[in-house]
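Coordinate-derived values only; no laboratory data. Nothing here was measured: the structure is a model prediction, and the numbers come from that model. Here Cβ is always computed from backbone atoms with ideal geometry, including for glycine, and neighbour counts include all displayed protein chains.
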Amino acid sequence: MTLRHPSPMLPRARGVTDLLAAPGVTPERLDVGLRRVLAARVATLAPGRDLGPVRLDSYTLLQSRQPERSAPSAFSWSPRTSRRLLGLPAARRVILGSASNPIAAARAEVDDVIARSSAPSIRPGALGRWLAEAPRGVLGSVIAEAANYATDLLTALDWTRLVDVANVGRADPVWAVPGAPWVTLRARRDVEITLDDATHTRSLLCVRAGRPDRTLEDDLGFVALADALSRPDAPMPTRVVGLWPSSGRAVSLEVGPETMRRAARLVVEATDSLRRRTGLVAAA
Amino acid sequence: MHTALMSTAGTSHDLLGALRGRRERRPRVDPTLAGGLRAWIEDDLAPLVGEADPAQPLFLSPRAVVSESLQTVPPLSALARSALLSALLAQRVVLGSVVHPMDDALSALEADPGQAALVDAIHSLDPDGFAQLAAELTAHYAVLAASLTSIPGTWLPRTNVRLSVPLAGGRVVLGAVASLVMGPPADEVSTVCLLDVTTSSLDPTAQRRLGILSLLETLRSGAAPLRVGSLSTATGEVVLAEVTDELLRDAIADVVSAVAARKATP
């Protein structure tokens, strides 16, 4: 697998933008055989439908390879868990010019999410319902985290070069497994850059917390696979760039057939691991 | 510009103004500096940690780097004050004001699962202890509010920013939480300012800690920050430092010494 890094001699945003926007090689589609075999293997190994939906993303994929320490705690909203959901649309507001800065954008986004939360279609436990009932101190932390996320994204790239070709915060691509549609693969990516409109080539940017480690190829490779699976009419993404604002690092994984085969193997292993773990929990 | 400026700012207006300085006087970015500093620190660390396991890195914060002895855990009251004030700083920057310091800060902590143990400890305080903590927090916040007037959103202020730079193949991780970061990323001139807000009084190591913070930001962003500062909400003291070559060189020496000291201490 090929990893590329931004030029250390350029201002960081220019270097990462060069990396992301570099023209791709000849577009290539995901191997139909790989798609079929992966679907069959995952459908065979998947935990039963009665155990609930199974959502595989980079996080669950990597967690499935860790030794099991304790039962995972139930999800709850917090400034940390809401930062991406609010920070991405806040960044989009600034890019599109509907907000002048990340803090104003994050505040506007929170206001909008709260306003929409009263609609009957919004289920209990949704982000909007939580925000609507949150005290002022919590809202302050939520807006601060979302503004930090948006600022990280806005300052990481040279947007003057990308504004016409970038899609920020579009819903994550999801692929439901044929034969086991309760199992879904989700590509957690933050920005999609169109490299060539005619051939539908694209590169993806993933913002990640902390610092990169040895799992970065697995994380970015999984994003490439899930994105390719969800877009059967388009070629595989040309590259997936990981960005770790806390450590200032950026790495590009150039996507090829080997990337996809490796990611598919990891998905099968993760599905198997999840089945065994959920089976143990159900038996207990 | 080789001498670090150390001064005490008197008023709130002075603090933000002194941190940002005058636009036309900002130094040009040296594009080779960060790479040179990284090469230097990597060369010095390699013989010290070459055999260490990258899966168990040595974590160093600015305070840990400059401490003579191994760190002790601060008392609960200090931990609580610091965490609560961090929440109020974020709230002040994004909402502009704080109405009920203890209620607002505690509710923010309660929403953070990572602070569950601290929240439990605060709720376990007897009524006198709780009232004491609330009064202290209000006093600290009054200093913070007087020192940090409204910050325009166009300065891109972000609060409680985590910085984490792996060194020596991940065997050493230099990390910090910068209370306040302002300014867009540097392009041709330095633009980023960092402020450390502490509920302790400023001791003689304050400027060295600012040097470590500057080094972290330089390695992380590829450009040296413009200026760094530390504000004590206990006393209202402020220390500001220009980010000079000398400050960064001293910071590298401090990090290498800290790693060597920990290697010598089983």
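How big is segment A:83-157 along each principal axis, measuring the range of its Cα positions in Å and listing the largest first?
Largest to smallest, the principal-axis extents are 38, 24, 17 Å.
Please tell me the relative contact order of chain B in percent, rounded to the nearest whole number, where contacts are Cα pairs under 8 Å and at least six residues apart.
Details: 423 pairs, mean separation 80.8, N = 266.
After rounding, I find 30 percent.
About its Cα centre, how strong a charge dipole does segment A:83-157 have in debye, to the nearest 20, once Lys and Arg get +1 and Asp and Glu get -1 at the Cβ?
The calculation lands at about 140 debye.
Once the principal axes of the Cα atoms of segment A:174-284 are found, what is the range along each, listed largest first in whole angstroms?
Sorted from largest, the Cα extents of segment A:174-284 read 50, 36, 22 Å.
Taking Rh as the Kirkwood radius, which is the inverse of the mean 1/r over Cα pairs, what is the Rg/Rh value for segment B:125-211?
With Rg and the Kirkwood Rh in hand, the quotient comes to 1.07.
What chymotrypsin sites (Phe, Trp or Tyr not before Pro) in segment A:49-109 are in a loop by DSSP, with at most 12 other Cβ atoms within 10 Å of the Cβ? Don't skip to the answer; put the middle values down first.
On the way: sites: A:Tyr59, A:Phe75, A:Trp77; in loops: A:Phe75, A:Trp77.
In loop regions of segment A:49-109 (DSSP not H, G, I, E or B), the sparsely surrounded chymotrypsin sites (Phe, Trp or Tyr not before Pro) are A:Phe75.
Along the Cα→Cβ direction, 7 angstrom out, place labels at B:Ala139 and A:Arg49. What is the inter-label distance in nm?
Spacing of the two 7 Å Cα→Cβ label points: 6.5 nm.
When a/c is below 1.5 the answer is rounded, else prolate if a/b is larger than b/c, else oblate, so apply that to chain B with a ≥ b ≥ c taken from the square roots of the Cα gyration tensor eigenvalues. Let's see the in-between values first.
Details: a/c = 1.99, a/b = 1.24, b/c = 1.60.
Oblate shape, in that a/c is at least 1.5 and b/c is the bigger or equal ratio.
Are there trypsin sites (Lys or Arg not before Pro) in segment B:73-160 that DSSP puts in a loop and that have at most 14 other Cβ atoms within 10 Å, and which ones? Don't skip to the end; give the middle numbers.
Working: sites: B:Arg81, B:Arg92, B:Arg158; in loops: none.
In loop regions of segment B:73-160 (DSSP not H, G, I, E or B), there are no sparsely surrounded trypsin sites (Lys or Arg not before Pro).
List, largest first, the extents of the alpha carbons of the protein assembly as shown along their principal axes, each in whole Å.
69, 54, 54
What is the local net charge at A:Leu45, summed over the other residues whose Cβ is closer than 13 Å to its Cβ (Lys, Arg +1; Asp, Glu -1)?
Working: positive: A:Arg41, A:Arg265, A:Arg275, A:Arg276, A:Arg277; negative: A:Glu269, A:Asp272.
Neighbourhood net charge equals +3.
Of A:Pro237, A:Pro23, A:Pro135, which is the most mobile in a GNM of chain A whose springs link Cα atoms less than 10 angstrom apart?
Its mean-square fluctuation being the largest, the pick is A:Pro135.
Taking GluC sites (Glu not before Pro) that fall in a DSSP loop and have at most 10 other Cβ atoms within 10 Å as cut points, what is the longest piece of chain B between them?
Working: sites that count: B:Glu51, B:Glu68.
Between exposed loop sites, the widest span is B:69-266.
Would you mind counting up the charge near A:Ala234? Only other residues with Cβ under 15 Å from its Cβ, with Lys and Arg at +1 and Asp and Glu at -1.
Values: positive: A:Arg29, A:Arg35, A:Arg170, A:Arg189, A:Arg202, A:Arg231, A:Arg239; negative: A:Glu28, A:Asp31, A:Glu192, A:Asp196, A:Asp197, A:Asp227, A:Asp233.
Here the charged neighbours net out to 0.
Where in chain B are the DSSP H helices whose C-alpha atoms run 20 Å or more along the long axis and whose mean Kyte hydropathy is at least -0.5?
B:33-49, B:76-95, B:127-147, B:206-221, B:245-264
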